[in-house]
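Q: Please find one structure pasted underneath; my questions will follow.
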Amino acid sequence: MKHYSILEYARFRWFKAAVVLSLLAAAAYLWHDPPLKPYGGTWLGYTLGTIGALLILWLLWYGVRKRRYRSTSGTVQGWLSAHVYLGTALVVIVTLHTGFELGANVHTLAYILMLLVVLSGMYGVFVYLRVPRAMTENLGEDSLDALILRVGDLDRDMRARAMGLPDDLLALIDRSVSDTRLGGSFLRLVTGIDPGCPTAHAVRAWPGLARKLTGASARLAPSASSTASNTGRRCGPRPSSPNAPLMASARARGPSSTKNTSCSPSPTGAPMTSTMMPRSTCSSS
Ligand code: HEM
C-alpha cells in the first residue's frame with residue numbers, strides 16, 4: 001500500500017484550502033480601499049486579524065488533538081496536514097492584516113515571533129519527513145541486529161583480501177579499524193561531517209595509494225576510480241559500494257584490534273562500524 005505523506009494527505013486537500021484562503025485574503029486586500037492607507041485598524045485589518053487569531057487558537061489545539069487518542073474527529077495525519085498548510089497561510093493573512101505597516105513596536109514584535117514559530121514549524125516538517133525516511137534507507141529491510149551480522153560477514157570476507165595488500169594500505173585500513181568511532185559531538189551527529197575521521201581519511205587516500213599498485217595487489221584492491229566515485233563526506237563508504245567491505249573489514253578485525261575504538265556497543269556484541277551510518281557520525285579518538 002502506498003504511503004501518503006502529510007503533505008499529500010487527501011490529494012492535497014489542505015494545500016488547496018490554504019491556497020484558496022490566501023487568494024481570498026489577497027483579493028479582499030486588493031479590493032479594499034481604505035480612506036488613508038491599509039493597516040491593522042481598518043475594517044479589513046480587524047477582519048484579517050480576527051481570522052489570524054482564530055487560526056492561531058486552532059493551530060494550538062493541534063497539540064491537544066494529537067494527545068486525544070480516543071478522539072474521532074478526523075485523523076491526526078489529516079490534522080497535521082491541515083496544521084501545516086493553514087499555518088503557512090497564516091503568514092499571508094497576518095501580513096495582509098499588518099498592511100505592511102511594520103515598525104519598532106509591540107505589534108511588529110508579535111509578528112516576528114509568529115514568523116519564527118512558522119519557520120520552526122517548517123523545519124519540523126522537514127525533520128518529520130526526512131528523518132524516518134533516512135532511518136529506513138539506512139537500515140533497509142534489515143533490523144539493526146541483522147545489519148550488524150551482515151557487516152560482520154563482509155568484514156571477515158574483506159579482512160582476508162586486505163591481508164594481501166602492501167603495508168601502507170594495510171596501515172590505512174588498520175587505522176580506520178582501530179581509531180574510528182561512532183557518535184561524537186552534537187555538531188558531528190547533525191552535520192555528518194568529520195574531517196578527522198580515519199575511515200573518511202582512508203577513503204580519500206585510497207585512490208592515490210591504489211593507483212600505485214601493480215601485479216597481484218592491483219587485482220586485489222578495488223580500482224582507484226571506483227574508490228574515488230565513492231569518496232565524499234561520508235564517514236566510510238556505503239555498505240553497497242565495492243569498497244565498503246574492505247573498509248568494513250578494517251573496522252571489525254576482532255576485539256584486539258578494536259581496543260581503541262569507542263564505538264557504541266552493539267546488541268550482538270559485534271563492533272559497530274561507521275558503514276552502518278548513512279552519514280558521518282564517527283570521529284577520531
Ligand atoms: C502560529 C502558528 C503555529 C502555531 C501556534 C503552532 C502550534 C503548534 C502546536 C501547539 C503544536 C503541538 C506541539 C506538541 O504539543 O507536540 C505544533 C506542532 C507542530 N507544528 Fe505547528 N504551529 C504553527 C505553525 C506551524 C506551521 C506553519 C507549520 C509547518 C509549516 C507547523 C508544523 C508543525 C509540526 C511539524 C508539528 C509537530 C507535529 C507533531 O509532532 O505531531 N506549525 N504546532
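Bear in mind that the values in this text are calculations on the coordinates, not laboratory data. Everything quoted here is computed from the prediction, not taken from an experiment. In this analysis, Cβ positions are derived from the backbone assuming ideal geometry, glycine residues included, and neighbour counts consider all displayed protein chains.
Q: Spin-label point model (7 Å from Cα, Cβ direction): what's the A110 to Y39 distance in nm?
A: So the label points at A110 and Y39 sit 1.5 nm apart.
Q: Using 0.36 nm per residue, how much length does the chain from R204 to Y4 gain when fully extended, once their Cα-Cα distance is taken away?
A: Taking 0.36 nm per residue and subtracting the Cα distance, the gain is 68.1 nm.
Q: Would you list V203, V118, V190 from fewest to most Cβ contacts within 10 Å?
A: Final ranking by Cβ density, sparse to dense: V190, V118, V203.
Q: Please turn the phi angles of the stretch 187-199 into ³J(HN,Hα) values with the Karplus equation 6.51 cos²θ - 1.76 cosθ + 1.60 (θ = phi - 60°), one per residue in order, whole Hz, x for glycine and proline.
A: For the stretch 187-199, the Karplus curve yields 4, 5, 5, 6, 8, x, 9, 8, x, x, 5, x, 6 Hz.
Q: Note down the nm distance, to one decimal, between modelled labels 7 Å out along Cα→Cβ at W31 and at S120.
A: Once both label points are built, they end up 3.7 nm from each other.
Q: For R11 and L139, calculate 0.36 nm times their separation in residues minus their Cα-Cα distance, and state this gained length in nm to one decimal.
A: Difference between extended and current length: 43.1 nm.
Q: Provide the three semi-axes, in whole Å and in decreasing order, of the ellipsoid equivalent to the stretch 1-105 as defined by the square roots of 5 times the Cα gyration tensor eigenvalues.
A: Equivalent-ellipsoid dimensions as semi-axes: 32, 15, 10 Å.
Q: Taking neighbour counts of Cβ atoms within 10 Å as a proxy for exposure, in what order, fewest first, do V125, V20, V92 appear?
A: Fewest to most other Cβ atoms nearby, the residues stand as V20, V125, V92.
Q: Hey, with R₀ at 22 Å, roughly what FRET efficiency would W58 and V131 work out to, going by the Cβ-Cβ distance, to 0.05?
A: Using R0 = 22 Å, I get an efficiency of 0.25.
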